[in-house]
Amino acid sequence: MAELTRADVEHLSRLARIDLSDVELDRMVGELGVILESVATVQQAPTDGVEAMSHPLPLANVARPDEVRASLTPQEALSGAPEVDEQRFSVPRILDQD
Amino acid sequence: MPLIRSSAAELANLMATGEASSVEITRASLDRIAEVDGEVHAFLHVDAEGALAQAAEVDRRRAAGEELHALAGVPIAVKDVVVTRGLPTTAGSRILEGWVPPYDATLVTRLREAGLPILGKTNMDEFAMGSSTEHSAYGPTRNPWDLGRIPGGSGGGSAACLAAYEAPLAIGTDTGGSIRQPASVTGTVGAKPTYGGVSRYGLIAMASSLDQAGPCTRTVLDAALLHSLIGGHDRMDSTSLDAPVPPVVEAANRADVSGMRIGIVKELTGEGFQPGVQKRFEEAVQHLVDAGAEIVQVSCPSFRYALAAYYLVMPSEVSSNLAKFDAMRYGLRVLPEGIDDPSAEQVMAATRDAGFGDEVKRRIILGTYALSSGYYDAYYGSAQKVRTLIADDFARAFEVADVLVSPTSPTTAFPFGDKMSDPLSMYMQDIATIPANLAGVPGLSLPSGLADEDGLPAGFQILAPAMKDERMYAVGSALEKRLHAAWGGPLLARVPSLVKEA
Amino acid sequence: MSTSTTDALMGYDEVIERFDPVMGLEVHVELGTATKMFCGCATTFGAEPNTQVCPVCLGLPGALPVVNAVGVESAIRIGLALNCQIAEWCRFARKNYFYPDMPKNFQTSQYDEPIAFNGFLDVELSDGSTYRVEIERAHMEEDTGKSLHVGGATGRIHGATHSLVDYNRAGIPLIEIVTKPMVGAGERAPEIARAYVATLRDLLKGLGVSDVKMEQGSMRCDVNLSLMAKGAEAFGTRSETKNVNSLRSVERAVRYEMCRHGALLAAGEKVVQETRHWHEDTGMTTAGREKSDAEDYRYFPEPDLVPVAPSREWVEELRAALPEPPAQRRKRLQTAYGFSDLEMRDVLNAGLLDLIEETVAAGGSPAAARKWWSGEIARRASAQGQDVPTYAAGLGLSPAAVVELEGMVTSGRLNDAMARQAWEGVLDGEGTPTQVADARGLQLNQDTGALEAAVDEVIAANPDVADKIRDGKVQAVGALIGQVMKAMKGQGDAAAARALILERLGQPS
Ligand SMILES: [Mg+2]
Ligand SMILES: [Zn+2]
């Protein structure tokens, strides 16, 4: 298994939107390396032809009728917001990422 | 016996016969919290006013002759990962500091409707990630058996408040052992129902396909009573089982194991388990034999991949489930230093760095890696296949055994700081509890005694097939009876008083 | 305001000469369900901000999704109408990326297991030919919230100081319909794109699953386009032009991108794989986000939802209950009604097909139905800025009125001119055709003696014309009928007059 480099961890932290400090990055490269080596043992399991399990129980077709239920009030909806304006969530400028 | 030492079933009796009111019982719990929680730190938030109001309401209803739930009026503590309308809910994280949810989890709605006063919210490892409660952003909870030791985790607060007699009942959640391992190291009882047995609506998700809420109590019967109350179908949770709650109370009351086949899982005993823990386990097995059970040896060879599979599946789901904590709609918002006019993206990244602790960040990064293109098949994909192998192992084992047993946790409570610098050694705490989460089967832990080498509680784990939760209550209750007889009372009678001599 | 300088463009003819376009279209359709895809919040368009939100669609900690049954049913019906196979078992997946208007920072969508796949849609082009658009997949997902960009120029994202987010739209069910790459469209590519979107819109409207209002965003189109040099086999680098939201824009955007790519390639430059923004006002696209390998959505099966496994019986029930595809219905009705292509086009442009079909069903003739629902009523409707069906509904006018009017003509009570008067009265709100005719005293003169007298008189007065008719110039009869009708003071039966004149002059009628 390929070693996890500092650049890899930096890339992952960007994907995960966590602005890790240099100290954190350095530490995490080492820690994740050890953990990854350990979890990579799943690849030794005899999984040829084995189905992947995404749900512990084999349920299917759970749906609800298309009936309106009460929504929150706007006050409730916005109650936790760091900033509110015009009954909307006020957020910092959104970079043009589409 | 003082009210705080009574079990929930006993308190229910006292109220039914008019010997105690819910207000008296609730006040006794609140007084005890005021007295000892400074030391124990089981609670992140205490709602004395709300609890007493609920207690008074139940007393009024009882006086009016209304038919009430068996546990009506018995106060309860709720793990802080469960959302409670009007009560701060942080999941032990800085990123949710001060957040007051505008809605109740389904299980909280059921508690309120049944009239259980909610004492407050209990401490936990941040977002339920950890086995020691040291990862709480608000400081650790201390084990009432030894204040220098961990109470287990992630639900250390829910277990410790029981052992410290601060509450007779608590709610926990168990993703890899977070109900059972704390129960094990605090000498209390905890049960993880079959996946889907208790609604997950309103549990702040760690790993959706593994999370399950359940009862934390001091007796097996109390666990069954609480399980029965919070269990059952919920149309707000697509993964909720649409089936009646298994007859757990009846099984706990009957406590009958005669003719039952008890399977000892070869892979979950012996090497790696503390000698005192192992010894108490073997004695407990003998008690079951004495009670008429039959012992069979089973092997689950895929269990040795369980920890690795767990530490891929869980972080993968974590990386996605925790993406919503981004400073836009609720919770913490941190502006990055040295940037004049930060973008939403920069604020998200700064907030998530400041608001999440190290263990949470580790798991998010690990999960982000396991799901990323090019690695998915090798990591997440393989882990999901291992889940199938583990479920197959369980299925084979349950062909020859009615339940499976093992020590709950490989060790007793360890001192603070022991494993903080070595994540892998911390992860090993859940080696015996994780397989049940991966396969969705139910598990229960109850005290098996004190380990000889340190005098601290050890736990006994019982696993049952999916939707056969009643079996673990039957076995647990039978074992508890025999152990109490052998000890001359419950194990918790021996917990230190915590009150400084005047 | 556009942020980039004008792109170099190659002439369209030169593009066609040198390159083959490869085009793919992704259409997002908001379903018209009463509630959102995964929660019970209402979906009313234009509601006050953040009034249709709950823990689920706000992505509050602890909330869980539950699938809307009608959302699944609509997805299957759309798949069937697009001639797709319907998955026997499929799952939702999480598409992970951060964006402030997406509450959970993942979109619940479908990835490698769409509910519908491998279909096609035949579209008719202006030259009467049919082009088959292959459908790759149609899958279920959810919409995002809406951001209002504040502080910059005219609400644009660039230069804004902050944004205000309304999550009412977040979680509204979307069906994403993706075509396979269309190769070999050549110069018809822009027209095909437009025709495809138009045909799809009609189809979805006919299914009743969406109001498909492109101007309100309930149907949105992304255009993927690349060019390859004539004779090449490998596709070129594509651009993805987002949110092209009118039929005309779809056509223009394809054309614009073809010309832009052509100029780049001819200059030896590389086409950048990126999203492009379409600007309705200038008819141009500008660069958006560059697609790099940094983009990694980390799809995995949604653990909070269980698989969807529609039974074959249910799928067949839904298939059997599908309405006839619009194109097929149009063709069938045109043949049945004997309308010319020109007549049919007018009928469709005026949106009269449903009314005509109902009128025929009520016993009217196709010709009369077409005649009475066009003409005067169309003039009045357009003066009100309405289409005929809306206008007629406003008057409480049903197909039965046309049938009644036609019956009065065929029974001989009214001639054509009288029928027109009666219809005007109906449109003026004076009552049913019979009531108007009674009130206005409209009644053909049924006195055959009077008619014979008038005919004989007119023939005698026009010997030249009569001779022409005797010689076989039957079309000249019109002039004589006019005079007969005049003599009858408008109350004569023109058809009877015609027959009588021809008989008198020895011609077969
Ligand atoms: Mg999409
Ligand atoms: Zn909602």
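Can you find, among C:Ala460, C:Thr285, C:Thr199, the residue sitting farthest towards the positive end of the charge dipole of the protein assembly as shown, where Lys and Arg contribute +1 and Asp and Glu -1 at Cβ?
Value computed over the given set: C:Ala460.
Along the principal axes of its C-alpha atoms, what lengths does segment B:246-288 span, in descending order and rounded to whole Å?
Cα extents, longest axis first: 36, 18, 17 Å.
What is the fewest-to-most order of C:Leu200, C:Leu395, B:Leu463, C:Leu318 by other Cβ atoms lying within 10 Å of their Cβ?
Ascending Cβ contact count within 10 Å gives the list C:Leu395, C:Leu318, C:Leu200, B:Leu463.
Where the eigenvalues come from the Cα gyration tensor of segment A:11-98, what are the semi-axes √(5λ) of the equivalent ellipsoid, largest first, in whole Å?
With the √(5λ) rule applied to segment A:11-98, the semi-axes are 38, 30, 12 Å.
Among B:Lys419/C:Lys104; B:Lys468/C:Lys95; C:Lys180/C:Lys242; C:Lys180/C:Lys205; B:Lys324/C:Lys146; B:Lys79/B:Lys481, which pairs are too far apart, with a Cα-Cα distance over 25 Å?
B:Lys419/C:Lys104; B:Lys468/C:Lys95; B:Lys79/B:Lys481
How many angstrom lie between the C-alpha centres of segment B:237-255 and segment B:106-136?
If we compute the Cα centre of each part, the gap is 21 Å.
Let me know the mean shielding of B:381-394 by other chains, meaning the per-residue number of their Cβ atoms within 10 Å of its Cβ.
Partner-chain Cβ atoms within 10 Å, mean over residues of B:381-394: 6.
With a cut-off of 8 Å between alpha carbons and a minimum separation of six or more residues, what is the relative contact order of segment C:1-63 in percent?
17 percent
With n ≥ 4 as the cut-off for DSSP H runs, can you work out [θ] at 222 nm for the protein assembly as shown, using -39500 (n - 2.57) per run divided by the number of residues, rounded to the nearest 500?
Using -39500 (n - 2.57) per qualifying helix, the result is -12000 deg cm²/dmol.
By per-residue mean of other Cβ atoms within 10 Å, what is the highest-first order of C:189-197, C:433-441?
Highest mean packing first, the order is C:189-197, C:433-441.
Give me the tail of P(r) for chain C as a percent: Cα-Cα pairs with distance above 44 Å.
35 percent
If you average the alpha carbon positions of segment C:458-509 and of segment C:180-256, how far apart do those two centres end up, in angstrom?
59 Å
Express the Stokes-Einstein translational diffusion coefficient of segment C:326-440 in µm² s⁻¹, to the nearest whole number, given a Kirkwood radius over alpha-carbon pairs, 20 °C and a viscosity of 1.002 mPa s.
Diffusion coefficient, whole number: 149 µm²/s.
Tell me the relative contact order for chain C as a rounded percent, counting alpha carbon contacts under 8 Å between residues six or more apart.
Reported relative contact order: 14 percent.
With +1 on each Lys and Arg Cβ and -1 on each Asp and Glu Cβ, and nothing else charged, work out how big the dipole of chain B is about its Cα centre, in Debye to the nearest 20.
My answer is approximately 460 debye.
Packing-wise, with mean Cβ within 10 Å as the measure, how do B:437-450, C:215-228, C:350-363 rank, highest first?
Answer by packing, highest mean first, reads B:437-450, C:215-228, C:350-363.
Taking the Cα centre of the protein assembly as shown as origin and charging only Cβ (+1 Lys, Arg; -1 Asp, Glu), how large is the dipole, in debye to the nearest 20?
Roughly 840 debye for the protein assembly as shown.
Using the Kirkwood formula on the Cα atoms of segment C:448-504, what hydrodynamic radius do you get, in angstrom to one decimal?
Across segment C:448-504, the inverse of the average 1/r is 10.9 Å.
Determine the principal axes of the Cα atoms in segment C:349-413, then give the extent along each, sorted from largest to smallest and rounded to whole angstroms.
Sorted from largest, the Cα extents of segment C:349-413 read 35, 21, 20 Å.
Packing-wise, with mean Cβ within 10 Å as the measure, how do B:451-462, B:238-249 rank, highest first?
In decreasing order of mean packing, B:451-462, B:238-249 become B:451-462, B:238-249.
Translational diffusion coefficient of chain B at 10 °C, 1.306 mPa s, Stokes-Einstein with Kirkwood Rh over Cα pairs, in µm²/s as a whole number.
71 µm²/s
Run the numbers on chain B and let me know its relative contact order in percent, using alpha-carbon pairs under 8 Å that are six or more apart.
Relative CO of chain B lands at 17 percent.
Which ordering of C:Arg504, C:Arg379 is given by a fewest-first count of other beta-carbon atoms within 10 Å?
Arranged by neighbour count, lowest to highest, C:Arg504, C:Arg379 become C:Arg379, C:Arg504.
So for C:Thr43, C:Thr282, fewest C-beta neighbours within 10 Å to most, what's the order?
Taking fewest neighbouring Cβ atoms as first place, the list is C:Thr282, C:Thr43.
Angle between the Cα long axis of helix C:494-504 and the longest principal axis of chain C, 0 to 90 degrees, nearest 10?
50 degrees
For the protein assembly as shown, what Kirkwood radius comes out of the mean inverse Cα-Cα distance, in Å?
Taking the inverse mean of 1/r over all distinct Cα pairs, the protein assembly as shown comes out at 33.8 Å.
Calculate the mean, over all residues of peptide C:66-73, of how many other protein chain Cβ atoms lie within 10 angstrom of the residue's Cβ.
For peptide C:66-73, the averaged partner shielding equals 5.
Cα axis of helix C:189-207 to longest principal axis of chain C: angle in degrees, 0 to 90, nearest 10?
Between the helix axis and the principal axis of chain C, the angle is about 80 degrees.
We did not get these values from a lab; they are worked out from the coordinates using the rules stated. All of these numbers come straight from a predicted model, not from anything done at the bench. Don't worry about glycine lacking a Cβ; one is built from the backbone with ideal geometry, like all the others, and counts go over all protein chains shown.
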